[in-house]
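Contents: one structure, followed by commentary.
The values are calculated or read from the model by the stated rules, or taken from the named source; none is laboratory data. Values in this document were obtained by computation on a predicted structure and should not be read as measured data. Counting neighbours? That spans all protein chains shown, and the Cβs are built from the backbone with ideal geometry, glycine included. Protein only, heavy atoms only, side chains kept; ligands, DNA and RNA dropped before computing areas. Shrake-Rupley method; radii C 1.70, N 1.55, O 1.52, S 1.80 Å.
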Amino acid sequence: MFRTKLTNFYKLFSQSAGLLLTLFCGMSASSFDGVSAAELVKDPMFLKQGDGLEWWSTDSVSVSRGAQKLCAQTLSATSEPWDAIIGLDGFQLRQGENYTFTIGLTDGQGQTIRALIQEGQEPWTPYAELVETASANAQEYQLDFIAGSSSDKAQIVIQFGGVGKGSQFCLNKVSLADEVQTVSNTSSDQIALHVNQLGYLPNGPKRANLIHPSQTPLPWRLMADDGQMLANGRTQPFGFDPSSGFDTHIIDFSKFKKSASGLRLEIEGVKSDAFSIDDQLYDRLRVDAMSYFYLVRSGTDISSKIAGKQFVRPAGHVADQSVKCLNTSTAQKIYGKAWSCDYKLDVSGGWYDAGDFGKYVVNGGLSVAQVMSSYERALYFAGSRSKLLGQNLLRLPNQSANLPDVLAEAKWELDFLLRMQVPKGKPLAGLVHHKIHGVEWNALPLWPHKDSVGRALHRPSTAATLNLAATAAMGARLFAPYDKDYAAKLLSVSVTAYKAALKNPDLFAPNSGGQYGGGDYEDEDVSDEFYWAASELFNTTGDKTYLESIKESRHWSSGVFKSTGISWQFLAGFARLQLAATPNELSQEDRLKVQKSVLIAADNFIAIQKNEGFDIMYKADEGLGWGSNHSIIQNMIVTAVAYDLVKDVKYLNAVRSGMDYILGRNAMGMSYVTGHGTRSSQNQHARIFAQNIDPAFPPMPHGALAGGANSWPSDEFAIEKLKDCAPQTCYIDDHRSYSTNEIAINWNASLAWIASFLTDTSKD
């Protein structure tokens, strides 16, 4: 989210017993095992006989050792799962520590087993549980959990009763490691294959990475699910990749264009995760990423019919319908002088910003702008091909008869932004309050409707005011065909806000170190916000006054595309994209100038991408910053707009290859989008989606983007666990690491935009 969001937040985290975290199913032999984790099972692969802790069984079970496996068989019929058990005793667990539990099942097709880590005495408190059914092929299953209490008598038990006599299965691995799995930064001799775990488009590039110390090309094979070889070739040695810390090779199998599922790459006996080649590859990702916003709505019940039973909850923060300003004493501490107001505002609705319950205009502004931009992009560059322009695509409540789903979701946030404006007749009228959140931080997990911390409006800021001006101007032109009155209201509010900002050009949000219950979103350079607001007003109205303001800005002729991507703090790049791609009344000369700057930026990002071993559109060897996944996607969006402008396939293919990193082709070998890929982020920092902390809460929803690797983490957990990490490996899938693993609406807005682009261009 942003760098100053409370460095001591770690101290507020709560712990619970029996905490189920990440379940990774069907892990392949390519799963990277350079881990900083101590193995607690003395013989996890069953390589030795009679060494260390020994497995026991109930009377109804026969246990035998095979070649690198342990098998169990029922001697009689049983009625309940716990009537047939094998187990291993004597493990020590430490409260608050992370553990990884892994089992490998084989030789038991159809046999259901229940594997638990539990207290070895009454009341047999469970710490983690896996319930799986063995298949014909060997499969591994894995989950991470946090010990809610300490124990020196924990045990592993595997229950498989409730079946007839002679039922059996075998284990080829049982592992309990005492730390969350992270990539080792010192081992350069590991071998692993990393692919886009979702897959590849038939007409697009298909590239993967082999981590291998060899400096010579190695033979690879593309294998079908039935064992047939579909293609083969040799790797292209890249050499040492500073951003990952590994020697790597590139595997390019782009010439294979047939649609298929269950594909794997294979090199020297190492297999990749299974993946697909499919021109509908990103359809579900678009829906999931865009439907995420409904789940983080404030002020409304979340319906089980729409979101599913696990996400249902009552409306949160209904008291936002009447909120006071900060008291003068707190304002004095934050701003260095007293400030308050004599009114209350209805600031209900909107989206919760990230893992917290704050609602911030500057981050909400960029988020809703990119949601609307995805719609506008489809309108002008995809047309009838894009389902994004219609209804019944997203998981939303019933909308009006003709309003597209994307605009209906955007309206929920726009309405909140409108409510944050200072009323007429009041001091600073027309300006916009910077944010609303609790007056102190609250612990997680927490249901929003149970949040008892008082909430307050913070002082208006020029940046927030210009965010409203820009987004309302965008909405005015997009909602006009569906609701003229609402569109007119948006334009009026936009003009009022812009004029108020001109009168108050330097009312900045300060940096308070995140001490008062929410993030600061501080920004003392609002020249980019002025540029953006004037650009959107010009795009909507064609008024030359706004064009004059645009050309007077230093951003009109300067470079506006930073290597670290578009962000809430620097919006000039987004404004430039909007000027380049939105139909407006720029002269031909000015339009070409603006569009050329986008093409130059895209070419620069492609040049960076070619020098990165994993095709990242980001100069990662210098380090990856807070929310790096968002930054990478923002650079991909610039390149995607370049494709829209000139239809040069080099831009399209660069975006497609760039997406590989987000979905598993990275040093971690994991997808950063929950539910999309063999191993995806599951334990992001969040108060609502906190099943990893308390099973009573919802899990992280599919389509949620994790912040990603951060070379300069600020939470205590990551600082301790990720010392001396190579840039790509400075990430840990743990709720305690908010500086590498938070969720945020601006991050998901960029993911939704790029997923929509990839869906609409999948057959290009």
Item checked: Residue-wise HN-Hα coupling along segment 741-748, computed from phi with Karplus coefficients 6.51, -1.76, 1.60 (Hz; x: Gly, Pro) -> 9, 8, 9, 6, 5, 5, 5, 6
Item checked: Phi-based couplings in Hz for segment 279-295 (Karplus 6.51, -1.76, 1.60; Gly and Pro marked x) -> 7, 9, 4, 9, 4, 5, 4, 4, 5, 5, 5, 7, 6, 3, 5, 4, 5
Note to self: What distance in nm separates the two pseudo spin-label positions at ASP543 and TYR380, each 7 Å out from Cα along the beta-carbon direction?
What the structure shows: 2.0
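Per 0.36 nm of contour for each residue apart, how much would the distance between ALA696 and GLN228 grow if the chain were fully extended, relative to their Cα-Cα spacing? Kindly include the intermediate steps, with their values, before the conclusion.
Details: separation 468, 0.36 × 468 = 168.48 nm, distance 4.52 nm.
Roughly 164.0 nm would be gained on extension.
On full extension of the chain, what length is gained from SER135 through SER558, given 0.36 nm per residue of separation minus the C-alpha to C-alpha distance? Don't skip to the answer; put the middle values down first.
Details: separation 423, 0.36 × 423 = 152.28 nm, distance 5.98 nm.
The SER135-SER558 span can extend by a further 146.3 nm.
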Margin query: What does the charge count around VAL560 come to, taking other residues whose C-beta lies under 12 Å from its C-beta (Lys +1, Arg +1, Asp -1, Glu -1)?
Written below: +2
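For a quick check of your reading of the filter: which trypsin sites (Lys or Arg not before Pro) in segment 410-453 sit in a DSSP loop and have no more than 13 other Cβ atoms within 10 Å?
Sites meeting the loop and neighbour criteria: LYS424.
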Check: Got a number for carbon plus sulfur as a percent of the chain's accessible area, 1.4 Å probe?
Finding: 48
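Please work out how much length the chain gains when fully extended from GLU585 to GLU524, using 0.36 nm per residue of separation minus the C-alpha to C-alpha distance, in nm with one decimal.
On the way: separation 61, 0.36 × 61 = 21.96 nm, distance 3.11 nm.
Fully extending the segment from GLU585 to GLU524 adds 18.8 nm.
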Next item on the list: Would you grab the residues whose amide H sits under 5 Å from the one on LYS173? Only those 5+ places off in sequence or on another chain, please, with H modelled 1.01 Å from N.
Entry: GLY104
Notebook entry, point to check: FRET efficiency for GLU80 and GLN121, Cβ-Cβ distance as r, R0 = 30 Å, nearest 0.05?
Noted result: 0.90
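Mind checking the per residue accessible area of the chain for me, 1.4 Å probe, whole number of Å²? Please report the intermediate quantities before stating the final value.
On the way: 27310 Å² over 764 residues.
With the other protein chains kept in place, the chain gives 36 Å² per residue.
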Next item on the list: Report, by chain and number, residues whose modeled amide H sits under 5 Å from the one on ASP520, excluding near sequence neighbours (fewer than 5 apart, same chain).
Entry: GLY514
Next item on the list: Using label points projected 7 Å from each Cα along Cα→Cβ, tell me how many nm separate ASP89 and ASP152, to one decimal.
Entry: 1.5
Margin query: Heavy atoms only, 1.4 Å probe, whole protein assembly: order GLU716, GLU524, GLU548 by accessible area, highest first.
Written below: GLU524, GLU548, GLU716
Check: With labels modelled as points extended 7 Å from the Cα through the Cβ direction, what inter-label distance (nm, one decimal) is found for LEU47 paired with SER340?
Finding: 6.9
Next item on the list: Could you run the Karplus curve 6.51 cos²θ - 1.76 cosθ + 1.60 with θ = phi - 60° over segment 87-98 and give me ³J(HN,Hα) per residue in whole Hz, x for Gly and Pro?
Entry: x, 9, 10, x, 9, 9, 10, 10, 4, x, 8, 8
